[in-house]
Amino acid sequence: MEQTFVMIKPDGVQRGLVGEIICRFEKKGFTLKGLKLQSVERAFAEKHYADLSSKPFFNGLVEYIISGPVVAMVWEGKNVVTTGRKIIGATNPSDSAPGTIRGDFAVEIGRNVIHGSDAVESARKEIALWFPEGVAEWQSSLHSVDL
Ligand code: DAT
Ligand code: MG
């Protein structure tokens, strides 16, 4: 089953949006497979955003990500990478539609609350980077109760 990596950035944690964000992925029908609150070091943040290292905003982006704890998550489900990006909304909150997380809760591109993997391959890499210990293996038991 497809998985994606989602990270609530320091501003999302500090603004108390963790529950709201988890709620949106849960209610959609995706399955939570990994979850942790974590502060990351500069080198780790640089690795996560390695593809953007030549961008003028790279240093500011890294400073932002290491400025406080983030919530790292793995979500699973059909088309979760693409659909997760739709739930999150466009990179620049000025362009994110209302109803998306960035559309509802962000104004600045440099404080856009949340990260989500942009492709199945990058999701695989990001999950391996953030969850080297592996993620949970579980299936719902709601339909197999035998009392
Ligand atoms: P996304 O997070 O939607 O995948 P991205 O991978 O292109 O977007 O960029 C990663 C983050 O970098 C993005 O969430 C916010 C920041 N960023 C992107 N473009 C920026 C810009 N022009 N100015 C400032 N920050 C930017
Ligand atoms: Mg990206």
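Total residues in the range 1-44 satisfying the condition of being more than 14 Å from the chain's Cα centre (by Cα), at pLDDT 95 or above and among the hydrophobic types (A, V, I, L, M, F, W, C): the figure is 3.
The rows are residues; the columns are (1) among the polar types (S, T, N, Q); (2) surrounded by 14 or more Cβ atoms within 10 Å (Cβ to Cβ); (3) within 26 Å of N59 (Cβ to Cβ).
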residue	(1), (2), (3)
V6	no, yes, yes
D11	no, yes, yes
L17	no, yes, yes
I22	no, yes, no
G29	no, no, no
L35	no, yes, no
A43	no, no, yes
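For the range 45-67, the tally of residues that are among the small types (G, A, S) and either under 21 Å from G99 (Cβ atoms) or surrounded by 13 or more Cβ atoms within 10 Å (Cβ to Cβ) (or both) stands at 2. Restricting attention to the range 71-94, the residues that are surrounded by 15 or more Cβ atoms within 10 Å (Cβ to Cβ), away from ligand 2 (no atom under 13 Å from the Cβ), outside any helix (DSSP H, G or I) and not aliphatic (A, V, I, L, M) total 4. Would a scan of the range 37-46 turn up a residue that is of a type in the set (K, R) and within 15 Å of ligand 1 (Cβ to nearest atom)? Checking the range 37-46: not a single residue is of a type in the set (K, R) and within 15 Å of ligand 1 (Cβ to nearest atom).
Scanning the range 47-70 for residues that are part of a helix (DSSP H, G or I) and away from ligand 2 (no atom under 16 Å from the Cβ) yields a total of 2. Taken over the range 95-147, the criterion of being hydroxyl-bearing (S, T, Y), out of contact with any Asp or Glu (no Cβ under 9 Å at 6 or more places or on another chain) and surrounded by 10 or more Cβ atoms within 10 Å (Cβ to Cβ) is satisfied by T100 alone. For the range 97-121, the tally of residues that are within 13 Å of ligand 1 (Cβ to nearest atom) and in contact with a strand residue (DSSP E or B) (Cβ under 8 Å, 6 or more places away or on another chain) stands at 7.
The values are calculated or read from the model by the stated rules, or taken from the named source; none is laboratory data. Predicted model, so just to flag it, every value in this text is computed and none were measured. Reconstructed Cβ throughout: ideal geometry from the backbone, glycine too, with neighbour counts over all protein chains shown.
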